[in-house]
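Chemist: The structure follows.
Coordinate-derived values only; no laboratory data. Predicted model only: the values in this text are computed from it and were never measured. Note: ideal-geometry Cβ built from the backbone for every residue, glycine included; neighbour counts use all protein chains shown.
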Amino acid sequence: MQKNEINNPRPNNWQRIEKVVRWTGLSVNSFALSIGLNRGENLYQIKRGNNGISGELARMISEKYPGISRAWLIAGEGEMFLAEGAGPRPVPFYNADVERFVAAPGRFRSSGSVLLPGVDDADFAALYNGRAMGWAVPAGSTVLVRRVAVENLIPGGDYVVVVADGAMMRRVRREAGSDQLRLLAVDADNFDEIRVNAASVRELYLVLAVVINKII
């Protein structure tokens, strides 16, 4: 164990918790709820130096996020992530609107990663700041997406569609008997349906998961 961990262990406890929270892309309170705590106060007690990271807390975190090392959480031993194949793969996170990102990906750099069990095949994660998806994808959510071919489109799925004029997130359906795609907004009262030819779609990203970022 390093000398500074013996003389001043408290900041290191919080630094490890904070690092995990950043990787998930959640707020502290939302992270606390995700692992089964009633509120984030338990974690803030660690930040204040009143508590350490208990074995029970480490268990709750590692069960929700299996890629995180329990030994690293408790004592800072080894690496944050377990060996490859032992848990989900961290997904690169871009602190940018997903519609802007897919339209010009070279303008943005990854600002961290998101670790979400069961969704380790996403290409990247980014924010959704639009309004068209209504309750299904609230503005401010983090979305994890994977690029797919147009011919593999699943009717009724939520996609980020890139065309010549830009990009938009919509619920996509095929027009029966034609090559037309119907791009539907969940908030149909305020956003009109858009139709595009499948051949005009430059890129298509399937929304695999939505993480609602909520400050409590």
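Chemist: List the trypsin sites (Lys or Arg not before Pro) in region 136-216 that DSSP assigns to loop (not H, G, I, E or B) and whose Cβ has at most 14 other Cβ atoms within 10 Å. Which are they?
Modeler: Those that pass, being in a loop and sparsely packed, are Arg202, Lys214.
Chemist: Provide the FRET efficiency to the nearest 0.05 for the Ala198-Ala104 pair, computing r from the beta carbons and using R0 = 35 Å. Can you show the working numbers first?
Modeler: Numbers: r = 23 Å, r/R0 = 0.65.
Between Ala198 and Ala104 the formula returns 0.95.
Chemist: Compute the angle between helix 55-64 and the longest alpha-carbon principal axis of the chain, please, reported from 0 to 90 degrees and rounded to the nearest 10.
Modeler: 10
Chemist: Still on this structure, I have one more. Scan the chain and hand back the longest stretch that contains none of the GluC sites (Glu not before Pro) lying in DSSP loops with at most 13 other Cβ atoms within 10 Å.
Modeler: Answer from the scan: 85-174.
Chemist: Over region 91-211, how many percent of alpha carbon pairs lie in each 5 Å bin up to the one with the longest distance?
Modeler: Cα pair-distance distribution for region 91-211, in percent: 2, 12, 23, 25, 21, 12, 5, 1, 0.
Chemist: Mind checking the alpha-carbon convex hull of the chain and giving the volume per residue in Å³?
Modeler: Working: hull volume 29.5 nm³, N = 216.
Expressed per residue, the convex hull around the Cα atoms of the chain is 136 Å³.
Chemist: From the helices alone, meaning DSSP H stretches of at least four residues, give me the mean residue ellipticity at 222 nm for the chain, per-run term -39500 (n - 2.57), in deg cm²/dmol to the nearest 500. Don't jump to the answer; show the numbers that get you there.
Modeler: Values: 7 runs with 57 residues, N = 216.
-7000 deg cm²/dmol, from helical runs alone.
Chemist: Just to confirm the number: angle between the C-alpha axis of helix 9-24 and the first principal axis of the chain, 0 to 90 degrees, nearest 10?
Modeler: Taking the Cα atoms of the chain, the angle to 9-24 is about 10 degrees.
Chemist: Return a whole-number percent for the relative contact order of region 3-75, with Cα pairs under 8 Å and 6 or more residues apart as the contact set. Could you put the intermediate results ahead of the total?
Modeler: Details: 55 pairs, mean separation 21.4, N = 73.
RCO, region 3-75: 29 percent.
Chemist: Can you give the relative contact order of region 118-216 as a percent, counting alpha carbon pairs under 8 Å and 6+ residues apart? Could you put the intermediate results ahead of the total?
Modeler: On the way: 207 pairs, mean separation 32.9, N = 99.
Answer for region 118-216 is 33 percent.
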